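A short reminder: the numbers here are calculations on the coordinates, not readings from a lab. Because the structure is predicted, anything quoted here is derived from the model rather than measured. Cβ coordinates were reconstructed from backbone atoms using ideal geometry, including for glycine residues, and neighbour counts include every protein chain displayed.
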Amino acid sequence: MNDWWTEFLSEDVSEDTFTTEQKSLFHTYQVSLDQKRLFRSIRTGRNLFLSELITDEEIIWNIGVMGVGNKHRGNFKVYRNSVIERLQRYDEAERRYQWQSGLWNEKSMRILIEQWTLGMMVVIPGVESLDVNHDEDIGSPMIFTKEWYEHMPLRKDLPEGFWEYRAEVVYPLMARSICRSYPMATMKGLVSLADMTDFDSNKFDLEQKTRHSDLQGVIPNKLRRMISINPDDEMKEQLKEFGNVAKKYGYVMYDTLEEAMEKEAGLLPSSVDNLPIWVGGSLEVDIKDCLKYLFRREPDALKLMEEVYNKMEENGEILHPKHMQSS
């Protein structure tokens, strides 16, 4: 299959094929030779029916996401088709989630800051999964969650659209910022670790996950492994019911962090020193620094984050719960 590209390109790619900007992106995202050929064949392809607004970087994001786990098994024609199909859904990503046009505003930023300061879906610079089985130096970025809703009213008492706004607006904005600041999020996928000890189904809207189950199919956001610890019996039963679906999407549960680290050795960091305190590790994390890193390529969003964070701090709106503090 080494000559797969001859069906789509009149000549092989070389350093002279690409612009300086494209070569810089290839370096940042560690794009392989065959992925460069794939990129070129899409960028110069005819009758692909792709939006003119799709950037070079977004093509690379989707090449990365569709290559996670080597689903194509070396068949680059299949790989190419899968990337094109995703890119053809960008209109849907824009229509449903404003993937390209969406902007951070004070409302969405306040929610993000609240979530991250409570330990929900936080990405920490420099904390990566291992890739022992792949003999690679760089692992996947990790996203850490403490399911904690003590500060919230019951779901029935929440304002209309409370969870929808988080799913349809805040999450896609965050996912796009992660793509920009963490190149391996698309090239290798994210590894999620969540502590379910304080999960409350009376407050969290589980149905919204079903309503937006297609999210990862239309935006380049890939969770390669979803690890939950400290689940209750109901969660364990649900996992059994999902069966092969859970296995397909890399969703696993363990009774303790220690068990997870044992069973996921080679993927999870080898020491609790490299895991944040809100999931049972010992790493103390400055959340504001994590947010600064998240927006390092988005100056307007960075400025807004600083302003909103300071305002929330001054007004006592950042809760600083015990699980976010060192003992």
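Quick look at the values:
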read-out: For the chain, calculated [θ]222 nm from helices alone, where every DSSP H run of n ≥ 4 adds -39500 (n - 2.57); value: -12000 deg cm²/dmol
read-out: Reachable lysines from Lys247, criterion Cα separation under 25 angstrom, eight or more residues apart if same chain; value: Lys71, Lys146, Lys188, Lys209, Lys222, Lys236, Lys263
read-out: Most fluctuating residue given options Met152, Met142, Met226, as computed from a GNM of the chain linking Cα atoms under 10 Å; value: Met152
read-out: Calculated FRET efficiency for the pair Tyr251/Glu284, C-beta based, R₀ 30 Å, to 0.05; value: 0.55
read-out: Potential lengthening between Glu237 and Asp214 on full extension [0.36 nm per residue; Cα-Cα distance subtracted]; value: 5.9 nm
read-out: Neighbour-count order for Glu58, Glu21, Glu147, Glu92, fewest beta carbons within 10 angstrom listed first; value: Glu21, Glu92, Glu147, Glu58
read-out: Within segment 292-314, backbone nitrogen closer than 19 Å to the virtual label 7 Å beyond the Cα of Leu103 toward Cβ; value: 295-309
read-out: Simple spin-label estimate for Thr19 and Glu306 in nanometres, 7 Å along Cα-Cβ; value: 3.0 nm
read-out: Top positive-direction residue, dipole computed over segment 205-282 with Cβ charges, set Trp278, Gly250, Ile227; value: Gly250
read-out: Ascending count of other beta-carbon atoms within 10 Å, so fewest first, for His151, His212; value: His151, His212
read-out: Difference of contour (0.36 nm per residue) and Cα-Cα distance, Phe49 to Glu262; value: 72.0 nm
